[in-house]
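Just below is one structure, and these are the notes that go with it.
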Amino acid sequence: ICPLIAWRRASLAKTFRSCMWPLIISIPAGVLIYLTSGDSRLWPPLAFTVLIFVGLTHLKEFIVGVRIRHQLTKESWLTALWRLVSKNRRRYGGYLVHLGVVLISLAIVGTMGYQSDITKTVHIGDTIEIEGYTLTYQGLREKPEGTNVVVYADMPVTKNGNLIGRVTPEKIFHAEWDQPSTEVSILGSFKEDLYVILSTWDKGGEEATFKVNVNPLMAWMWIGGHLLVLGTIFAVWPGRGSMLGPRLNQRA
């Protein structure tokens, strides 16, 4: 709420008016998430409601600032956006950092609230099904990698009957020590990530055990992390637009 509070001109009425549009959008969005998730728990949709509200309050600051600058200067929308943020880098860089934290939090809530997993032992030709994904086990393969030996499964993945990619979970056997290492295979999208782990198998590879996870919104963890770093650099980079402001600068 803090970005919406006018400096030295704050009142409950003004603050409520500033929060109105984010509230109007975020509350129905949270209700929609609850109704479509098929889950009776309240905390994930409540958390999403709060995060959507926070994200919209910050986006509103960009939209309002660009609109006012466009009206005053008659600049194009993109030019008004660039000059607005470049002349107030500390303020808008801080907003970008906040938005990065929101995206990271969205990924955490999505994964903790709606993660699905299954561990299954399959024979060649069998399938593993989870959250609309179908993975077909076609046996194990082996390949050299330097002094190491890699055992992997090449598994086509379909969703709702359409081929969307392949996963290749691996076990790497090192020449220097006895314990193999595990390489997770990931098939990702903005909506969710499919994690596949090769656990064990029999000697001929006729039978193998896999652990499969579906982690919603995980991609936004990395997007939010990059945005957080970029916002920090943008805010603290020296030069014009990095000062606190002319009035505070004169007082200092």
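Annotations for the structure displayed:
- The combined condition, being open to solvent by less than 100 Å² (accessible area, probe 1.4 Å), more than 22 Å from the chain's Cα centre (by Cα) and touching a residue at least 40 places away in the same chain (Cβ under 8 Å), is not fulfilled by residue 23.
- When the range 27-54 is limited to residues that are of a type outside the set (Ser, Thr, Tyr) and not in a helix (DSSP H, G or I), the one that is surrounded by the most Cβ atoms within 10 Å (Cβ to Cβ) turns out to be 39.
- Residue within the range 140-161 that is open to solvent by less than 70 Å² (accessible area, probe 1.4 Å) and in contact with a helix residue (DSSP H, G or I) (Cβ under 8 Å, 6 or more places away or on another chain) present: no
- The sole residue among 232, 200, 209, 182 that is of a type in the set (Ser, Thr, Tyr), modelled with pLDDT of 90 or more and farther than 26 Å from residue 117 by Cα is 232.
- Complete set of residues in the range 105-123 that are touching a helix residue (DSSP H, G or I) at 6+ places or on another chain (Cβ under 7 Å) and crowded, with 19+ Cβ neighbours inside 10 Å: 105, 106, 107, 109, 114
- Index of the failed condition, residue 73 passing every other in (1) over 23 Å from residue 25 (Cβ atoms); (2) of a type in the set (Val, Ile, Thr); (3) buried (at least 18 other Cβ atoms within 10 Å of the Cβ): (3)
- So residue 72, is it under 26 Å from the mean Cα position of the chain (by Cα) and not polar (S, T, N, Q): no
- Scan the range 1-20 for residues that are polar (S, T, N, Q) and surrounded by 13 or more Cβ atoms within 10 Å (Cβ to Cβ) and the total you get is 2.
- The single condition among (1) in contact with a Lys or Arg (Cβ under 9 Å, 6 or more places away or on another chain); (2) outside any helix (DSSP H, G or I) that residue 3 does not satisfy is (2).
- Failed criterion for residue 46 (all others in (1) at pLDDT below 95; (2) within 17 Å of residue 216 (Cβ to Cβ) hold): (1)
The values are calculated or read from the model by the stated rules, or taken from the named source; none is laboratory data. Owing to the predicted nature of the structure, the values given are computational and were not obtained by experimental measurement. A quick note on method: Cβ atoms are made from the backbone with ideal geometry, for glycine too, and the neighbour counts reach across all protein chains shown. Ligands, DNA and RNA are excluded from the accessible area calculation, which covers all protein heavy atoms including side chains. Shrake-Rupley method; radii C 1.70, N 1.55, O 1.52, S 1.80 Å.
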